[in-house]
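Here's the structure we're looking at; comments come further down.
FYI, it's all coordinate maths here, none of it is from the lab. Owing to the predicted nature of the structure, the values given are computational and were not obtained by experimental measurement. Note that we place each Cβ from the backbone using ideal geometry, even for glycine, and neighbour counts take in every protein chain shown.
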Amino acid sequence: MEAARVFFGLAAPLVVSWERKWFTARPGAAVAFTLAYGGYIVGPYLDGVKSWGALLSAALLALGFTLLLRSTSTPSLGFSITTSLISGTTSTTKRIGAAAVTAGVLWGAWTAWSTASQVGSELLRNDTVAVMLSAMLIAVFGGGALVKAVTDPVVEEVYSLPDGPNRESALTLIRSGGRTIGLVERGLLFAFLAAGQPEAAALVLAAKALARAPVDHVNHASKYFLIGTLASVIAAMVMSVAARAAVGLPVL
């Protein structure tokens, strides 16, 4: 639990600072928040050298990102570095930032190595993880091949339509589907079904149905998305059931 608290706790302020753009707009806030929140996280473990090392790693990353992303419009940190050792388009500030990020990553890796190597070794030997990961890959990418196979006839129907608004509207909507959306959809469906949470999987389908509601008036596009969604559901369900059965879990 200590390792999990430190890992997630020190990653959180970096992610918050990144999302809020503090590294560029409010560098002082990014560093201060990282140190303050990091201090709260490692507070119960201050007697351990590795906890201090993890906090130092997070501080170096925050400082490094601030210097790397700093532009001429970024508020000053309160000090400046002046040197003539500048070559090309890379400023000394960015070099120092890159060095700080590298040092933070290396220091963090050294601090977490023993725990990470133990967890990694357990994951590599875990048959359940291997089965679930492999089944997910089959569901996501094999399901993509299934979706293509069952929706190709619909696409051919659309191309065979006479030129006109209906044909162009259907083609535009079909092309807007996107392969990435299908991959994410099948991945989420498999994850929820494999975790024994079919209700959450239903939410994924509901969200997609709401997103696709405006295409209901286009017959071929509706048919395309309906068939594709059903194929994705079938692929995710079959592989999740197979994986759960393989590792000795109830199939649903």
Under a plain spin-label model, where a point goes 7 Å from the Cα along Cα-to-Cβ, how far apart in nm are residue 130 and residue 16? 4.1 nm
Charged-residue dipole, Cβ positions (Lys, Arg, Asp, Glu), the chain about Cα centre, Debye nearest 20: 660 debye
Relative contact order for the chain: what is it in percent, counting Cα pairs under 8 Å that are at least 6 residues apart? 18 percent
Which one of 41, 66, 164 is farthest out on the positive end of the charge dipole of the chain, using unit charges on Cβ (Lys, Arg +1; Asp, Glu -1) and the Cα centre as origin? 66
Helix hunt in the chain: which complete DSSP H runs extend at least 18 Å axially by C-alpha with mean Kyte-Doolittle at least -0.5? 2-19, 27-42, 49-69, 92-125, 143-160, 179-194, 198-211, 219-246
Build a GNM of the chain with springs between Cα atoms under 10 Å: which of 152, 127, 163 gets the top mean-square fluctuation? 163
Distribution of pairwise C-alpha distances over the chain, 5 Å bins, in %: 1, 6, 10, 10, 9, 9, 9, 11, 11, 9, 7, 5, 2, 1, 0, 0
Return a whole-number percent for the relative contact order of segment 127-246, with Cα pairs under 8 Å and 6 or more residues apart as the contact set. 48 percent
How are the alpha carbon pair distances in segment 127-246 distributed across 10 Å bins from zero to the largest one, expressed in percent? 14, 42, 28, 12, 3, 0
